[in-house]
Amino acid sequence: MAEEYFDIYDEQLNHLGTAPRSTVHQSGFWHQTFHCWIYFQQWNEMYILFQRRHPRKDTFPGHYDITCAGHLTAGEQPEDGVREISEELGLQVSFHDLQPLGVHKLVNLDGPLVDREISHVYAYRCAQALDQYILQPDEVSSLVKMNLDQALSLFSGTQSSAIVEGVALQPDGQMTCLSETVTLTDFVPHGAPYYLQVLQTIRSFCQKE
């Protein structure tokens, strides 16, 4: 398979050209990504969904992460990112149904690569049962829900752990139920400011609906 090429940018977000994925992460070029957070209401409680990265991922294997995220390849625009939702979760979504959460500059130096992202972030309300999602086997190992207030408390540091519940994809393709206690170390370290801003904005959406 041919290596993906990304548009690359300098610190001031001036477009520099394109580069292969491996070079982008080795050299730390700024590049564009798409994030989508899925949330829903159940019995007057709001929940946010997290995916668990496949244990063979090259960065942060087995960590909980954004519901759905992916790179935008060279020439792509944010609206092209909805393909990630279809690929990773089997969910067909129109870009026009997403709620914009802004553009975030994220730097992650904790893994083996230098990751500098210009992230176009969106939210999507979806009441679909977790066992009805179709998880991409080589990308996502489980999909879980967390109470939105608990998530805010966890990422703000006012509580040290939280409960997640959902489904795990087994090697034979079957889905099994999952429930466990998680701490901050179980999540990809995008930084508390990012998580809190996203979660607080989603809560404001919920209060208006």
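The values are calculated or read from the model by the stated rules, or taken from the named source; none is laboratory data. Just so it is clear, the structure is predicted and the values come from calculations on it, not from any experiment. A quick note on method: Cβ atoms are made from the backbone with ideal geometry, for glycine too, and the neighbour counts reach across all protein chains shown.
Worth a mention:
- Some residue of region 17-25 being surrounded by fewer than 21 Cβ atoms within 10 Å (Cβ to Cβ) and among the β-branched types (Val, Ile, Thr): yes
- Any hit, region 60-70, residues being more than 13 Å from the chain's Cα centre (by Cα) and within 30 Å of Cys177 (Cβ to Cβ): yes
- Flag for Val107 being among the β-branched types (Val, Ile, Thr), under 19 Å from Phe187 (Cα atoms) and touching a Cys at 6+ places or on another chain (Cβ under 9 Å): no
- Complete set of residues in region 115-135 that are in a strand (DSSP E or B) and either among the aliphatic types (A, V, I, L, M) or under 14 Å from the mean Cα position of the chain (by Cα) (or both): Glu117, Ile118, Ser119, His120, Val121, Tyr122, Ala123, Tyr124
- Hey, Ala74 within 19 Å of Ile48 (Cβ to Cβ) and modelled with pLDDT of 95 or more or not: no
- Answer residue from region 149-167, given it is crowded, with 18+ Cβ neighbours inside 10 Å and aliphatic (A, V, I, L, M) and is nearest to Asp110 (Cα to Cα) among those: Leu154
- Residues that are hydrophobic (A, V, I, L, M, F, W, C) and modelled with pLDDT under 95, drawn from region 121-150: Ala127
- Within region 138-190, the set of residues being in a loop (DSSP other than H, G, I, E, B) and either without any contact (Cβ under 8 Å) to a residue 60 or more places away in the chain or basic (Lys, Arg) (or both) comprises Gly157, Thr158, Gln159, Ser160, Ser161, Gln170, Pro171, Asp172, Gly173, Gln174, Thr183.
- Screening the candidates Val103, Val93 for the property of being in contact with a Ser or Thr (Cβ under 9 Å, 6 or more places away or on another chain) and closer than 18 Å to Gln51 by Cβ yields one hit, Val93.
- Residue count for region 116-148, restricted to those that are within 20 Å of Leu196 (Cβ to Cβ) and in contact with a His (Cβ under 9 Å, 6 or more places away or on another chain): 6.
- Only strands (runs of 3 or more DSSP E) whose full extent lies in region 1-65 are considered here, and the ones with at least 1 residues that are among the acidic types (Asp, Glu) and at pLDDT below 95 are 45-53.
- Qualifying residue in region 82-96 (condition: surrounded by fewer than 20 Cβ atoms within 10 Å (Cβ to Cβ), under 19 Å from Tyr194 (Cα atoms), of a type outside the set (D, E, K, R) and in contact with a strand residue (DSSP E or B) (Cβ under 9 Å, 6 or more places away or on another chain)): no
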